[in-house]
Amino acid sequence: MPRLTGFTSWLAARWVVAAAFMAGALLALVPVLHAAFALPLLLIFLHSPGYMIHQVEEHTGDRFRRFANSIVFGGREGLTVLNVLIINVGAVWGLNLAALYAAAFVGPGYGLIAPYAMLVNALTHLAAAARLKRYNPGLVTSVVLFLPLSLVTLTVIGRDPGTTLAQHGWGLAGALILHALIIASVALRLRRLG
């Protein structure tokens with residue numbers, strides 16, 4: 001098992017607090033960006049601070065990892081601190097930034113992976129709550145933030161005449177593949193643990 005050392009250890013201890021501050025800073029830019037960006041691009045931009053707010057609810061005090069490992073994985077360490085860091089800082093923040101650049105420089109339909117990833121994440125939290133009949137870390141922001149933002153973004157960009165059904169398909173496929181890779185990596189880790 002890889003150990004956290006140096007910068008990775010430092011980042012793992014601070015990224016959730018950084019997410020809270022970054023979300024605030026990014027949201028403070030919204031009035032300026034609203035004047036400069038078209039609505040579809042502004043909505044894609046909002047996925048970054050939206051995800052950061054969700055991550056604060058989900059990961060403060062390492063609560064999601066501890067919840068998943070104890071409740072979902074039966075006391076086995078399916079998620080490590082490093083997994084959580086790579087998924088949330090590397091994959092999620094990177095994906096949302098890439099979606100913003102694609103939407104800005106190629107067209108709004110090319111940023112659809114951001115709202116689809118947010119929607120799939122929200123539905124996953126809702127399915128887990130229904131299955132386990134209890135709260136899971138991240139559920140509240142999934143309902144009050146992820147569902148409305150992702151659905152509004154999909155609706156607004158879907159109305160853009162340049163957006164194609166193929167772009168929706170690629171956005172949804174990318175979101176499903178991302179979540180499938182996360183599930184597969186956890187399943188592989190659990191299999192190795194026995």
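The values are calculated or read from the model by the stated rules, or taken from the named source; none is laboratory data. All values reported here derive from a predicted model rather than from experimental measurement. Heads up, the Cβs are rebuilt from the backbone with ideal geometry, glycines too, and the neighbour counts pull from every protein chain shown. Calculation scope for accessible area: heavy atoms of the full protein, side chains included, ligands and nucleic acids excluded. Shrake-Rupley method; radii C 1.70, N 1.55, O 1.52, S 1.80 Å.
Any chance you could look up the accessible area of Phe7 with a 1.4 Å probe, heavy atoms only, rounded to 10 Å²?
130
Kindly report the accessible area of region 46-163 per residue (heavy atoms of protein chains, probe 1.4 Å, no ligands, DNA or RNA), in Å².
Dividing the accessible area of region 46-163 by its residue count gives 43 Å².
Given Thr141, Ala184, Ala98, which one lies farthest toward the positive end of the charge dipole of region 77-194, if we put +1 on the Cβ of every Lys and Arg and -1 on the Cβ of every Asp and Glu?
Toward the positive end, the furthest listed residue is Ala184.
Which listed residue (Ala127, Gly111, Gly171) has the Cα farthest towards the positive end of the charge dipole for region 78-194, taking +1 on Lys and Arg C-beta and -1 on Asp and Glu C-beta about the Cα centre?
Ala127
Of the candidates Met22, Met52, Met118, which one comes out as most mobile in a Gaussian network treatment of the chain with C-alpha springs shorter than 10 Å?
Met22
How long are the semi-axes of the equivalent ellipsoid of region 67-113, defined as square roots of 5 times the Cα gyration tensor eigenvalues? Whole Å, largest first.
Details: eigenvalues 217, 22, 5 Å².
Over the Cα atoms of region 67-113, the semi-axes work out to 33, 10, 5 Å.
When the accessible area of region 1-151 is split by element with a 1.4 Å probe, what percent falls to carbon and sulfur?
72
Show me the ranking of peptides 57-63, 27-33, 108-114 by mean Cβ neighbours inside 10 Å, starting with the highest.
Listed from highest to lowest mean packing, they are 108-114, 57-63, 27-33.
What translational diffusion coefficient, to the nearest whole µm²/s, does the chain have by Stokes-Einstein, given a Kirkwood radius computed over alpha-carbon pairs, a temperature of 4 °C and 1.567 mPa s viscosity?
Calculated translational D: 74 µm²/s.
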